[in-house]
Each structure stands twice: as structure tokens, then as C-alpha cells.
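Contents: one structure, followed by commentary.
The values are calculated or read from the model by the stated rules, or taken from the named source; none is laboratory data. These numbers were taken from a predicted model, which means no experiment stands behind them. For neighbour counting, all protein chains shown are included, and Cβ atoms are generated from backbone atoms with ideal geometry for every residue, glycine included. When the accessible area is computed, the model is the full protein with side chains, heavy atoms only, and any ligands, DNA or RNA have been set aside. Shrake-Rupley method; radii C 1.70, N 1.55, O 1.52, S 1.80 Å.
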Amino acid sequence: MRDMNRRSFMAAGLGASLTAATAGSGAADGESADERRTHRGVWREPARDIPVAGESDVVVCGGGPAGIAAAISAARAGASVRLIEANGCLGGIWTAGLVPYIIRAQRESCLMDEIWRRMGEQYDSRLPHFNPEDMKVLLEAMCEEAGVSFQLHTRVAAAATENGRLHYAVTESKSGRQAWRGKLFIDTTGDGDLGALAGNGYDFADEETGLFQPSSLNCLVAGLDPDDVAGIDRWAMQEELQQAGVAPSYGVMGASLFYVGAGLYFLQATHQYGYRVFDSAKEQTRATVEGRAENHRMVHALRELGGKWKNIVLVATAEQIGNREGRRLHGLATVTREDLKEGREQPDPAVSGVTYLMNIHPVTLEGNPPEIRQRQAPVKSYDIPFRALVAKDVDGLLMAGRCISGDFFAHGSYRVTGYAVPMGATAGVAGALAAQTDCLPHELPWETIRDKRREVRAAHSPTDE
């Protein structure tokens, strides 16, 4: 793009690509604040230069399980990588979201094997459960070892495209507004934030009913005797809470309690129904406040119940609410309910042998309506195609994790973090190859991506294929 360099990023030079994603587009110099207001209550922001904070081969937006895998794999494939994360730690739902449990961790992904092994060797982990603080430190170390440059407390706020290709991700942080130039971008925000800002189409919720899964705010508790709570499953935990006088909003799902090590227990018993936390800060705030208050009520009620619960204490509630539903960005292929029912293999398997059920958390406290239940079906082993990771409407953009291209029911299966990691690893390798060969991801032969992925895996896991 003309006149875009390391020193300045001219807002006025972006044209429609940024004005579609930001408020206002250049009031005249000397115009007063009053003159920039309109009768509709809009304040027009003056045009300004946005500094280019860095340039790299691959820019990864979102440092959760998929983003970590994408960034590390791209770096191991030889690319320069910048990783942007909104929270104050890497790990996303594993750490900021306080979900210290890797669902479907036993995957073919070399990187997942490495995370699993190092957590077991270096920390007091009871895999597949772990202490989120240990995971934070491990992921930071792995990124630094791979040469990934990452910045925390930084949120994607806009995207700049030219002729349909993404060139810059624009962020907001303590450093103000910054632009990050990349040859290739990977959206691992979970909610598809970068793709939406860049103009890629997306779907949300069940296509027929408009209903969507609830969020959950999780917490860690301590003060329990392992012998006293051993063997308490989700239904027994639900009964304990009901006996304490606080029926959990997890509803027909019961309530989860398990030991994660170092005296800490994970408690997941809340559902926040009907909040669009993926695109509304107001609703995200209300869902978080509601979930935190419920966690405190539950722990207080259990302590009042006495017995095995007399010393229970709430240690922490999650910084990041666990959001199950966000944007499903349109890709060159879409993973569908029929793929899962029929167990379809793909010619370009970014992840193969996916077997997790269509896990649609109840959209109401009473459960899912017949319109959803009747369309759920058993899952046969299926593949996630690489094409579902390639953005349809924006060139130079890949995605990994729960924001890939899929329908409502397929998303209920592939959204778990055990699949997000191999998705991210594949996207990272493809992004590195595209950047290094100056081509677009869809122009790469699948065999080239597959072979490079094997090479990266073999270099870090002698037992891998």
C-alpha cells in the first residue's frame, strides 16, 4: 500500500478499508468538537497517523490454544511471527478462562503432545487437568523458545485491506492505536474478530431457530479434603448444590468439580443464557457479572452447608468468560452436520479423525427445544478440511479454532481445544509457507502443506509421523 511504512500509517490513505471498521474518517483541521458532532449523536474522529509497530511474515491475532499452536508452528516452519493477545496471559480459555482441562487432548498433533508432556514433567499437573498458572508460564516459554514475538493486553480494533487482501491489523492497547503489517494473517480470536473487521462474511447461532449456546464463567476453589470429595460426579455435585439451596444455572448439564493439583479444584456450574458476548461489550459485562455473582453464592452456600464443604473458599473467578458461540467465518469449505453424521474424509485434512459429539449446551435452563434436539445425531470419525481454515472473502487470511467455517451442529463438535491446537498448527505451517513463497494460502498444494507439517512435527517429536 502506498505510503505505508514502519513510521506512519496514514488513516486518510486507507479509504473504505478502515472507515468501514472505525468511527469517522477525517474531519477538517481546526474543526471544533461541537462541529464534529452530528444530529444523530455521532462524534467524528479526526484523521490521524497510526504508527506501524511491527512487520512480520505472519500475524496471529488471539493467543488461546489455536493461536499458540499457529504462532509456534509458523515460527518453527521458518517464519517471523507476531502474536497479539487481548488478555494479560497466553492460553485463552485454558488460563484466562480458567478451564484447566484439555478436551480431546490425545490427538495426533505433535504440539499437543509436547504441551501435555512438558506440563507433566515440569509442573504439579494431574493431566488432562492442570493448574492454569503453570500453563501460562509454559506457553510463554514455548513462544519465546520458538522466537515468537507476542504482545499482551492488546485487542484487535480494525483491519486494513486493499483490493480484497488483508495488509494490516490495527490494535488498541496502553501504547495507543498501532498497526501490524503482515504477509499473512491468522484469526484465532475465537469470535472471528479479525475476519469480521476485515469484511469476511460469517454465520452465528443455529441457522433455523436463531438460538445459541450459553456462556460459562468458571472458578477455582480450595479448602477441600480430597478423600471427602472423591468420586463426586456432575450429578452428585448438582445434588450437593441443590441441598445447599442454590440450584446451578448449568441446569440439565449438572455441575463439574475436579482436582487440578496444588490443592485447587475447578468448579463449572454456571450458564449465562442469551448473551451475545462475541459482539456486545454490554452483554459480555452483564454475563460476567451474573456468572461471578452466582459462583460466589454457590461457594458461600456450600460453606454454610458444612460437613465436607465447611472450609471451601473461592480462590478465583475467570478473567475471560467462556464463550461457546461466536462468529463462524465463511471459508472455502464448510464443515457440516452431514459431514459428522456420515464420517466424511477430506482430501486436505487439517485435522483428521475428529470424533467428539455434537455437544450443544442447552440454550435455556430447561434444555434444548425439539427443533435442536431432533437434529443432533451420533458422530462418525470425520476430517476438518484445510479449506475450512481459508477465508472466503478476504485474501491473506486464515482462521483456526472455533471461528472456522462450519455450521451450528458441526461447531458443537470441533470447537473443543483438543482440536483447536492441531487446527492452529496446520494454519501456522500454511501461513509460513504462503508468506515465504509470496502466494495466497489457497494457492498452496495441500501436499506441500502436509509435507511441511510432517517436517515440523518430526523435528520436535521423534515418535510422531
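Which order do D49, D407 take when ranked by solvent-accessible area (1.4 Å probe, heavy atoms of all protein chains), largest first? Working shown, then result.
On the way: D49 90, D407 30 Å².
Largest to smallest exposure gives the sequence D49, D407.
Excluding E140 itself, what net charge comes from residues whose Cβ is under 14 Å from its Cβ, given Lys and Arg +1 and Asp and Glu -1? All intermediate terms of the calculation are to be shown ahead of the outcome.
Values: positive: R118, K136; negative: E85, E133, D134, E144, E145.
Cβ neighbours under 14 Å give a net charge of -3.
Measure nothing fancy, just the Cα-based angle from helix 110-122's long axis to the longest principal axis of the chain, in degrees from 0 to 90, nearest 10.
Taking Cα atoms only, the helix is inclined about 50 degrees.
Which whole-number value in Å² is the accessible area per residue of the stretch 225-277, probe 1.4 Å?
Averaged over the residues of the stretch 225-277, the accessible area is 42 Å².
Counting only residues 5 or more places away or on other chains, whose amide H sits under 5 Å from the amide H of G343 once H atoms are built in the peptide plane?
The list, which skips near neighbours in sequence, is K380.
Read phi for every residue in the stretch 206-218 and hand back ³J(HN,Hα) as whole Hz from Karplus 6.51 cos²θ - 1.76 cosθ + 1.60, θ = phi - 60°, with x for Gly and Pro.
5, 5, 8, 9, x, 7, 8, 5, x, 8, 9, 10, 9
For the stretch 137-216, just say rounded, prolate or oblate: build the C-alpha gyration tensor, square-root its eigenvalues into a ≥ b ≥ c, call rounded for a/c under 1.5, and beyond that prolate if a/b exceeds b/c, oblate if not.
Working: a/c = 2.07, a/b = 1.33, b/c = 1.56.
Since a/c reaches 1.5 but b/c is at least a/b, the shape of the stretch 137-216 is classed as oblate.
State, as an integer percentage, the relative contact order of the chain based on alpha-carbon contacts under 8 Å between residues 6 or more apart. Don't skip to the answer; put the middle values down first.
On the way: 1088 pairs, mean separation 95.3, N = 465.
RCO, the chain: 21 percent.
Report the local net charge at G396: Lys and Arg +1, Asp and Glu -1, summed over other residues whose C-beta lies under 13 Å from its C-beta.
-3
Around S56, with a cut-off of 10 angstrom between Cβ atoms, what is the net charge of the other residues, counting Lys and Arg +1 and Asp and Glu -1? It would help to have the intermediate numbers written out before the result.
Values: positive: R82, R181, K183; negative: E55, D57.
Around S56, the charge tally is +1.
Taking only protein heavy atoms and a 1.4 Å probe, what accessible area per residue, in Å², does the stretch 288-402 have with all protein chains in place? List each step's numbers first, then the result.
Numbers: 4870 Å² over 115 residues.
With the other protein chains kept in place, the stretch 288-402 gives 42 Å² per residue.
Compare the Cα positions of Y419, S405, V351 along the charge dipole of the stretch 328-440 (+1 at Cβ of Lys, Arg; -1 at Cβ of Asp, Glu; about the Cα centre) and return the one farthest towards the positive end.
Result: Y419.
What does DSSP give for the chain in terms of the percent of beta bridges that are antiparallel, rounded to the nearest 5?
So the antiparallel bridges amount to about 65 percent of the total.
Roughly what angle does helix 65-76 make with the longest principal axis of the chain, taking Cα atoms, 0 to 90 degrees, to the nearest 10?
50 degrees
Once you have a ≥ b ≥ c as the square roots of the Cα gyration tensor eigenvalues for the chain, tell me rounded if a/c is under 1.5, and otherwise prolate or oblate according to whether a/b is larger than b/c.
Working: a/c = 1.65, a/b = 1.33, b/c = 1.24.
Since a/c reaches 1.5 and a/b is larger than b/c, the shape of the chain is classed as prolate.
Taking the highest mean first, how do the peptides 141-151, 248-258 order by number of other beta carbon atoms within 10 angstrom per residue?
Going from most to least packed, we get 248-258, 141-151.
Which of the peptides 424-433, 295-304, 273-282 is most tightly packed, and how do the rest follow, going by the mean number of other Cβ atoms within 10 Å of each residue?
Working: 424-433: 30.7, 295-304: 18.7, 273-282: 16.1.
In descending order of packing, they fall as 424-433, 295-304, 273-282.
Pairing the Cα long axis of helix 281-305 with the longest principal axis of the chain, what angle in degrees results, from 0 to 90 and rounded to the nearest 10?
Long axis of 281-305 versus the principal axis of the chain: about 20 degrees.
Please tell me the relative contact order of the stretch 312-446 in percent, rounded to the nearest whole number, where contacts are Cα pairs under 8 Å and at least six residues apart.
Details: 207 pairs, mean separation 43.4, N = 135.
It rounds to 32 percent for the stretch 312-446.
So what's the gap between the Cα centers of the stretch 359-378 and the stretch 312-342, to the nearest angstrom?
Cα centres, the stretch 359-378 to the stretch 312-342: 15 Å.
Compute the separation of the alpha-carbon centres of the stretch 167-198 and the stretch 230-272 and state it in Å as a whole number.
37 Å
Of the options N87, V52, L241, report the single residue whose Cα projects farthest towards the positive end of the charge dipole of the chain (beta-carbon charges: Lys, Arg +1; Asp, Glu -1).
Value computed over the given set: V52.
How would you classify the stretch 178-280 from its alpha-carbon gyration tensor, with a ≥ b ≥ c the square roots of the eigenvalues: rounded for a/c under 1.5, else prolate if a/b is greater than b/c, otherwise oblate? Before the final figure, lay out the partial values.
Numbers: a/c = 3.73, a/b = 1.85, b/c = 2.02.
Judged from the Cα gyration tensor, the stretch 178-280 comes out oblate (a/c at least 1.5, b/c at or above a/b).
Considering only DSSP states other than H, G, I, E and B, which trypsin sites (Lys or Arg not before Pro) in the stretch 39-102 qualify as loop sites with at most 10 other Cβ atoms within 10 Å? Can you show the working numbers first?
Details: sites: R40, R44, R48, R76, R82; in loops: R40, R44, R48.
The qualifying sites are R40.
Using the crude model of +1 on Lys and Arg Cβ and -1 on Asp and Glu Cβ, and no other charge, please compute the dipole size for the chain relative to its Cα centre, in debye to 20.
Working: 49 positive and 60 negative charges, 90 e Å.
Around 440 debye, computed over the chain.
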